[in-house]
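The block underneath contains the structure these notes are about, expressed in structure tokens.
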Amino acid sequence: MKLNKPFACLLCLGLIVNHVIAQTASQLNASIESKVDKLLKQMTLEEKVGQMAQVSIESLGGSNGQVFTFSDKMKDAVINYKLGSILNSPGPLQAPQDWNRLITEMQEAAKQTRLKIPVLYGLDDIHGVNYASGTTLFPQEIGQAATWNRQLVHDGGVITAYEARAVGVPWTFSPTLDLGTNPQWPRIWEDYGEDPYLSAELGVQFVKGVQDPLGSKEKLVVSLKHFMDYSDPKSGQDRTDSWVPEHYLREYHLPPYAAAVKAGARTVMINSGLINGIPTHINKHILTDILKGELHFTGFIVTDWQDIENVYRRDKLTKDVKGAIMLAINAGIDMSMIPYNYKGFCSDLIALVKEGKVSRGRIDDAVKRILRVKYELDLFNTPVTLLKDYPKFASAEFQRAAYNTAAESITLLKNTNNTLPLSKNAKLLVTGPNANSMRSLNGGWTYTWQGNMTNEIAQQYNTILEAVTNKFGKDNVTYVQGVAYKESGQYYEDTVTGIDAAAQAAANADYVLLCIGENSYTETPGNLVDLSLSENQLALANAMIKTGKPVIFVLNEGRPRIINKIEPAAAAVLNVYLPGNYGADALADILAGDVNPSGKLPITYPRYTNVLVSYIHKPSEGDSNPQGGAFKPQWPFGFGLSYTSFAYSNLAINKNSFGPDETATITVTVKNTGARDGKEVIQLFISDLMASFTPDVKRLRGFEKVDLKAGESKTVSFKVPMKDLAFVGTDNKKHLEEGDFKIQIADQSATFNVTKTVTF
Ligand code: BGC
């Protein structure tokens, strides 16, 4: 709810018309290009600049209680200023029918303009269409990544697109492809984890699920965000400076974006922070040279929230907003996301063009890109889509898909003496601030920006307490909250409501289900000063441990909060991340053994607040350092247990030596050696054993999730092009060097060599 954003910051300080998969200039659709050129020729400078402006809905009307209505301000913006785009939720959660009405009214206004160019509405569909009531909400991206299941992520994209078109909004500001390398950063849960390969693979699936085939009434345009390296600021705080050499940017942060642009992503949003002291919004090298040049991106670039103004107000680079507009547009920004003052943007940009400070060519390029995407979406023929034409909206089929994603995301991190699964008549004490909260299960970007209304809005879904009570029976479940999140103030503040009462209740239980973690948040309000679990929650955990009853930890958190002081005494640990509206049902099924857990960590779970090293690191930070490396995570990247066991055998590679243009075929057999059916994620890691640039200890180069019945075996094969094993050197080029490489899959390993050095 961006309406509240400044306030919050103050508080905390069917018919497929065009099948378009346009990627590179040579692949653009000729008929669309000629329509774009024809339209552009008719446009005045004012009309062009209008297309480049996007304003937030709350500046265009108001709500009387729950329902938002446009005022004449909307007509002024669309008819007089010819704005190209509107974004955001107006504040109160709108029903799909209300969205339909608003979009219809907006497009009717657009029809009153001389050229009748439809307005492109954009919303943050972060885990489903989270700004409309009644939609299907999935686990947040970190949980989706924990499934390691491409198909589930793809299908989540298909459903999100379908429901977004039912609502009438054809543009989503997702997926987030920032790497979750810095666990302090408040948006780590909005990402697919810390690995570039995993992020790229899942990001591509989501883009395809949402966009393909673009032009269909069931599809949307995505916006990859936030290009790039937003996620690893030196301070760990949101929207700050990242210190990173370009070869690291290219090695780690660029590949997920490159893969998603190649898969056809049509819009890209920019990093709100700085890279090496330069606000990314004015960084021509990143926006124009790399994104539009090297990646051949032919869609358009949109800023993040108020970020041109930030160049002036926050970053102190210019003497006024106009100067910032000049720098940003010249750097390659095509559309400016302006919360309120779009009139100033339009008049300043028109003046800059007249003064010769922004070229007409740059304006034409920006507008062409925006019109191209509007044609590709078929917005000119279908400016409005309506709920009545989307019968599968919020269907049982869609809800099942969200449940399945949650069930495959939940990660079993510890299970001493097979504590889990529990017998169905086990007596449970359920406790902790996350035990009875839909808000903490969903996280931010849920009904409102900070997700702070979810307990009121999502009452028809089950909290952990409700799902566990349904599963184990009312007579077997006792609830004492123990610690509660505060309703106001900082999102992470909690208060003791009865630790002694919880300890007393534990006396009558067989097990304690300790539900701990974080409340909902996103962006700057989610900044944190200490990654450790809160003092009150640690006290509750210690009190539960002291009872002598087996304590099962349920971690419900957006980022890994440090628990090294209490983890050794846990009987079992399950990480549910932010699993969405069906997450508690999935958890209850896992506790009872009706579902066998198969999630794996998409991030490293750190043990110490001062050692936030990701699994991608140099040997000096790891075990092979003779003086002892610092990398001793609580649980490593890729880790996750099952109720069954798997054995690996027969790792084989088709040859021992490869030329740089060759591709290796690697096979391995995995067998379910336990008594239960289960799913296993086979992870292929490869290490470059020696190079002229210190190699990472190991890197993920492939994964597959397989479903194995008890006793069943499968042989899985991976194709790895040698060129994928190259590193980016300090010359910013890729180098594949001759020498030995090691393959590791679970406990199996093998070596091979590359015969020739190449640079590309
Ligand atoms: C966030 C973006 C989001 C945009 C529009 C910004 O504050 O950083 O992720 O897409 O707002 O709501």
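The values are calculated or read from the model by the stated rules, or taken from the named source; none is laboratory data. Note that the structure is a prediction, hence the values are computed from the model and not measured. When we count neighbours, we look across all protein chains shown, and the Cβ atoms used for this are built from the backbone with ideal geometry, even at glycine. Surface areas here come from the heavy atoms of the whole protein model, side chains and all, with no ligands, DNA or RNA. Shrake-Rupley method; radii C 1.70, N 1.55, O 1.52, S 1.80 Å.
Of the residues making up region 591-638, those that are touching a Leu at 6+ places or on another chain (Cβ under 7 Å), crowded, with 20+ Cβ neighbours inside 10 Å and either on the phi < 0 side of the Ramachandran plot or not in a loop (DSSP other than H, G, I, E, B) (or both) are LEU591, PRO597, PRO602, PRO606, TRP635, PHE637. Note on region 340-357: residues that are on the phi < 0 side of the Ramachandran plot, out of contact with any Phe, Trp or Tyr (no Cβ under 9 Å at 6 or more places or on another chain) and either hydrophobic (A, V, I, L, M, F, W, C) or part of a loop (DSSP other than H, G, I, E, B) (or both) total 10. When GLY193 is tested against (1) among the small types (Gly, Ala, Ser); (2) within 15 Å of the ligand (Cβ to nearest atom); (3) in a loop (DSSP other than H, G, I, E, B), just one condition goes unmet, and that condition is (2).
Report, by residue number, each residue of region 177-190 that is part of a loop (DSSP other than H, G, I, E, B), within 15 Å of the ligand (Cβ to nearest atom) and not charged (D, E, K, R). Break it down into steps so the answer makes sense when it comes.
Here is the first cut: in region 177-190, the residues part of a loop (DSSP other than H, G, I, E, B) are 177-187.
Still in the running and within 15 Å of the ligand (Cβ to nearest atom): 177-178, 180, 185-187.
If the condition is that a residue be part of a loop (DSSP other than H, G, I, E, B), within 15 Å of the ligand (Cβ to nearest atom) and not charged (D, E, K, R), then LEU177, GLY180, TRP185, PRO186 are the ones that fit.
Of all residues in region 231-257, which are among the polar types (S, T, N, Q), open to solvent by 10 Å² or more (accessible area, probe 1.4 Å) and assigned to a strand (DSSP E or B)? None - no residue of region 231-257 is among the polar types (S, T, N, Q), open to solvent by 10 Å² or more (accessible area, probe 1.4 Å) and assigned to a strand (DSSP E or B), so the list stays empty.
Looking at region 42-141, the helices (runs of 4 or more DSSP H) lying wholly inside it that each contain 2 or more residues that are open to solvent by less than 30 Å² (accessible area, probe 1.4 Å) and away from the ligand (no atom under 16 Å from the Cβ) sit at 45-51, 96-111.
Contact map, region 166-185: residues that are open to solvent by 10 Å² or more (accessible area, probe 1.4 Å) and among the β-branched types (Val, Ile, Thr) paired with residues that are in a loop (DSSP other than H, G, I, E, B) and within 12 Å of the ligand (Cβ to nearest atom), Cβ distance under 7 Å, separation 6+ or inter-chain. Pairs shown: THR181/SER231. Contact map, region 298-314: first residue farther than 15 Å from TRP171 by Cα, second residue away from the ligand (no atom under 15 Å from the Cβ) and open to solvent by less than 10 Å² (accessible area, probe 1.4 Å), Cβ cut-off under 6 Å, separation 6 or more or different chains; pairs are THR298/ALA22; ILE308/ALA324; ILE308/ILE325; ILE308/ALA328; VAL311/ALA324; TYR312/ALA324.
Residues that are away from the ligand (no atom under 16 Å from the Cβ), farther than 17 Å from ALA200 by Cα and hydroxyl-bearing (Ser, Thr, Tyr) within region 142-176 comprise just one, TYR162. Candidates ALA539, ALA584, ALA569, ALA588: the one that is open to solvent by less than 10 Å² (accessible area, probe 1.4 Å) and out of contact with any Ser or Thr (no Cβ under 8 Å at 6 or more places or on another chain) is ALA588.
Inspect all residues belonging to region 387-410 and state whether any of them is in contact with a Pro (Cβ under 6 Å, 6 or more places away or on another chain), farther than 24 Å from GLU218 by Cβ and not hydrophobic (A, V, I, L, M, F, W, C). Looking through region 387-410, at least one residue is in contact with a Pro (Cβ under 6 Å, 6 or more places away or on another chain), farther than 24 Å from GLU218 by Cβ and not hydrophobic (A, V, I, L, M, F, W, C).
One residue alone among ASP334, ASP307 is in contact with a Ser or Thr (Cβ under 7 Å, 6 or more places away or on another chain) and open to solvent by less than 50 Å² (accessible area, probe 1.4 Å), and that residue is ASP307.
No other residue among LEU540, LEU591, LEU601 is at pLDDT 95 or above, hydrophobic (A, V, I, L, M, F, W, C) and closer than 22 Å to VAL483 by Cα apart from LEU540. Of the residues making up region 389-426, those that are open to solvent by less than 20 Å² (accessible area, probe 1.4 Å) and either over 22 Å from LYS679 (Cβ atoms) or at pLDDT below 95 (or both) are TYR390, ALA426. In the condition set (1) within 16 Å of the ligand (Cβ to nearest atom); (2) in a helix (DSSP H, G or I); (3) of a type in the set (A, V, I, L, M, F, W, C), MET337 is compliant with all but (2).
So if I check each of ILE301, ILE308, ILE363, ILE329, which one is in a helix (DSSP H, G or I), at pLDDT 95 or above, within 16 Å of the ligand (Cβ to nearest atom) and β-branched (Val, Ile, Thr)? Walk me through it before giving the result.
Working: ILE301 fails: in a helix (DSSP H, G or I); ILE363 fails: within 16 Å of the ligand (Cβ to nearest atom); ILE329 fails: within 16 Å of the ligand (Cβ to nearest atom).
Of ILE301, ILE308, ILE363, ILE329, the one residue that is in a helix (DSSP H, G or I), at pLDDT 95 or above, within 16 Å of the ligand (Cβ to nearest atom) and β-branched (Val, Ile, Thr) is ILE308.
Looking only at region 258-295, residues that are under 19 Å from GLU201 (Cα atoms), within 16 Å of the ligand (Cβ to nearest atom) and not in a loop (DSSP other than H, G, I, E, B) come to 3 in all. Each residue in region 542-566 was checked for being more than 16 Å from the ligand (Cβ to nearest atom), small (Gly, Ala, Ser) and open to solvent by less than 40 Å² (accessible area, probe 1.4 Å), and 1 pass. Cβ-Cβ distances below 9 Å connect the following pairs, each with a first residue in region 222-239 that is at pLDDT 95 or above and basic (Lys, Arg), a second residue that is within 12 Å of the ligand (Cβ to nearest atom) and open to solvent by 40 Å² or more (accessible area, probe 1.4 Å), and a separation of six or more residues or different chains: ARG239/THR524. Annotation note: of HIS281, HIS285, the sole residue that is surrounded by fewer than 24 Cβ atoms within 10 Å (Cβ to Cβ) and closer than 19 Å to LEU254 by Cβ is HIS285. Scan region 142-176 for residues that are farther than 16 Å from ALA586 by Cβ, in a loop (DSSP other than H, G, I, E, B) and of a type in the set (Ser, Thr, Tyr) and jot them down. Passing the criteria: only SER174. Going by the structure shown, is PRO568 assigned to a loop (DSSP other than H, G, I, E, B) and not hydroxyl-bearing (Ser, Thr, Tyr)? Answer is no for this residue.
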